[in-house]
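The values are calculated or read from the model by the stated rules, or taken from the named source; none is laboratory data. Quick caveat: nothing in here was measured; it's all calculated off a predicted structure. Here the Cβ positions follow ideal geometry from the backbone for every residue, glycine too, while neighbour counts run over all protein chains shown.
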Amino acid sequence: MAATVTLDAIVDTSRYPLAEPGAPGWRAAVAAARADLAADGCTVLREFIRPELHALLAEQGERMAPHAYYCTERVNAYNIPLDSELPEDHPGRIVFERGNAFVPRDRIPADALIHRLYTDELFQRFLADCFDRDRLHEFADPLAGLVLNVVSPGQSHPWHFDTNEFTVSMLTATPDAGGVFEYCPGIRSPQAENLPDVHAVLSGSGEHLIRRLVLRPGDLQLFQGRFSLHRVSPVAGAAARHTAIFAYSDRPGVIGTVERTRQLFGRVLPDHLAAADAVRGDRLLD
């Protein structure tokens, strides 16, 4: 069904004219997004998806959800091995239980609405403008570029940093309660880990650093998750929380680490093993 739906039918192009780069509406949307990202590391493009497609988004997510890799495990905010040699007071020593799940890209149908968006060149060009980049590249990772995040009742996605600098996401199904997106904008930079503030948040004494965001299905969220610590609070009730995550980078060829890929998907592919020794764009802990 989605394969026959045009981009104009998916996106509210009266507010977000993706086919008109440089037009007044385009410039207004981009300027607003850039201002939010500069101030807060995050912006939400409200009602990006047309309301009449919200039900289809949810239905497609329900069909994909059984393909998610479910695993409850102990992790830290950097998604590095728990036995890593770190100073005693390092925030990487603080351990959480992660119980959410991801549907990998190779289990998302090409005709799904979220796949249609992720691979669309006009969509990518618009996002690049919002992030003030010449262009964005889809992940080369065969599993992590486009995923559906599933947080079941009683589970959460604990505090973490993203591997990629630019994350674009869309809530496609809301839980009955909980599942709030919480984040600490710009808590670290490419030059500094800022370990004391990260430790404060993870240990429960950094409430003043945390912001909370109400997200609704069809809203598009642009986020600088590599530098902003963030989490999804525990989900309550009977319904799961579903979020499509569109991962891009300003560098081509990005592939996740072996350790993190195994954490998220329960498997690794030859691409991940081949990229294990690649030099990253910064020296931050993952």
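Among the residues of region 189-240, how many are without any contact (Cβ under 8 Å) to a residue 12 or more places away in the chain and of a type outside the set (Asp, Glu)? The number of residues fulfilling the criteria is 8. Looking across region 31-47, the residues that are over 15 Å from Leu171 (Cβ atoms) and among the charged types (D, E, K, R) come down to Arg34, Asp36, Asp40. Would region 59-79 turn up any residue that is within 17 Å of Phe265 (Cβ to Cβ), at pLDDT 95 or above and more than 19 Å from the chain's Cα centre (by Cα)? Yes, that holds for at least one residue. Looking at Arg267, Arg216, Arg241, Arg212, just one residue is at pLDDT 90 or above and buried (at least 19 other Cβ atoms within 10 Å of the Cβ), and that residue is Arg241. Counting only residues that are over 28 Å from Glu73 (Cβ atoms) and either touching a Pro at 6+ places or on another chain (Cβ under 6 Å) or of a type in the set (Phe, Trp, Tyr) (or both), region 86-124 holds 1 of them.
Does region 19-32 contain any residue that is under 27 Å from Arg211 (Cα atoms), touching a Ser or Thr at 6+ places or on another chain (Cβ under 8 Å) and in a helix (DSSP H, G or I)? Yes, the conditions are met somewhere in region 19-32. Can we say Ala29 is modelled with pLDDT under 95, over 20 Å from the mean Cα position of the chain (by Cα), surrounded by 18 or more Cβ atoms within 10 Å (Cβ to Cβ) and over 24 Å from His157 (Cβ atoms)? The answer is no for Ala29. Residue count for region 117-126 under the criterion of being within 17 Å of the chain's Cα centre (by Cα) and crowded, with 19+ Cβ neighbours inside 10 Å: the result is 4.
Applying the criterion of at least 1 residues that are touching a residue at least 12 places away in the same chain (Cβ under 8 Å), surrounded by 17 or more Cβ atoms within 10 Å (Cβ to Cβ) and out of contact with any Lys or Arg (no Cβ under 8 Å at 6 or more places or on another chain) to the strands (runs of 3 or more DSSP E) found wholly in region 48-107 leaves 101-103. Can you tell me which residues in region 162-183 are over 10 Å from the mean Cα position of the chain (by Cα) and of a type in the set (A, V, I, L, M, F, W, C)? Leu171, Ala173, Ala177, Val180, Phe181, listed by residue number.
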